[in-house]
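J.: The structure's right below; bear with me while I get my questions together.
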Amino acid sequence: MKKRYIYLFLPLLFALLSFAGCRKAYIVSEGQKILFQYDYVNFAWGYQHNGFIIDTEGNILEYNKPEKWNFPGKDNMLTQEEMEENLGSCIPTGQKISSGELMKYAKYIDNLAASKISPRRSKGADRGSQIYYCYQYSESETRYRAVFIKTEGDFESENLNFYTKRTVDWLKSIHDLIKK
């Protein structure tokens with residue numbers, strides 16, 4: 001009789017452990033300083049460049065026409081030093097994302113990083129570019145990988161991951177919050 005319960009219990013235990021493993025939490029690396037970024041650039045009506053960064057503590061840091069700014073290169077990478085320079089051009093907004101909310105979206109980063117990007121489509125001219133990023137950090141290389149989520153404006157393209165819309169809507173709500 002006891003053997004029968006074991007045969008019923010083991011598959012149930014296996015199923016529970018399988019589901020528990022599916023919800024992988026994003027682990028912030030030791031040296032990682034930022035998780036998300038909203039960037040707006042427009043060269044049509046005079047140089048405009050502004051946006052915000054969300055650091056690993058949930059602080060929202062703004063920038064507006066920084067003198068020197070390091071954009072991710074063709075390899076989508078930024079060194080730790082380049083990121084430090086960018087952070088030095090930022091000003092704290094006094095707004096902070098709660099740790100629960102921040103981790104809710106941070107856990108999407110690996111999924112977004114593994115997804116493909118849609119082709120760029122021309123949408124007009126003189127609109128500039130609004131770009132949404134998240135970042136992965138390599139401790140061994142001390143480099144950040146900019147993970148493209150979406151761009152809007154002159155050209156549009158987006159990450160084809162399920163979490164793209166949620167993440168972009170969240171970043172837009174933060175943009176609206178700090179622009180009030």
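J.: Give LYS116/LYS180; LYS104/LYS179; LYS33/LYS165 a once-over and call out the pairs whose C-alpha atoms are over 26 Å from each other.
T.: Where the Cα-Cα span goes over 26 Å, the pairs concerned are LYS116/LYS180.
J.: Choose one of SER140, ILE60, ASN86: the residue whose Cα lies farthest towards the positive end of the charge dipole of the range 25-179 (beta-carbon charges +1 Lys, Arg; -1 Asp, Glu; about the Cα centre).
T.: ILE60
J.: Please get the size of the charge dipole for the chain, origin at its Cα centre, with Cβ charges of +1 on Lys and Arg and -1 on Asp and Glu, quoted in debye to the nearest 20.
T.: 1240 debye
J.: By the scheme Lys and Arg +1, Asp and Glu -1, what is the net charge of all other residues having a beta-carbon under 15 Å from that of ASP169?
T.: Charge balance near ASP169 sits at +1.
J.: State which helices in the chain qualify, where a helix is a whole DSSP H run, it must extend 18 Å or more along its own axis by its Cα atoms, and its mean Kyte-Doolittle hydropathy must be at least 1.0.
T.: The answer, listed by residue number, is 2-22.
J.: For the chain, state what percent of all Cα-Cα pairs lands in each successive 10 Å bin, counting from 0 Å until the bin that includes the largest distance.
T.: It works out to 9, 33, 33, 12, 6, 5, 2, 0, 0, in whole percents.
J.: Follow-up question, since we're still on this one. The range 31-129: D in µm²/s via Stokes-Einstein (Kirkwood Rh, Cα pairs, 25 °C, 0.890 mPa s)?
T.: After rounding, the answer is 161 µm²/s.
J.: Now for a different question. Once both labels are modelled 7 Å past Cα along the beta-carbon direction, what's the ARG120-GLU81 spacing in nm?
T.: If labels sit at ARG120 and GLU81, their model points lie 2.9 nm apart.
Read-outs throughout are calculated quantities, based only on the coordinates presented, and are distinct from any laboratory measurement. In this text the structure is predicted, and so the values were computed from the model without any measurement. We place every Cβ from the backbone using ideal geometry, glycine too, and count neighbours over all the protein chains shown.
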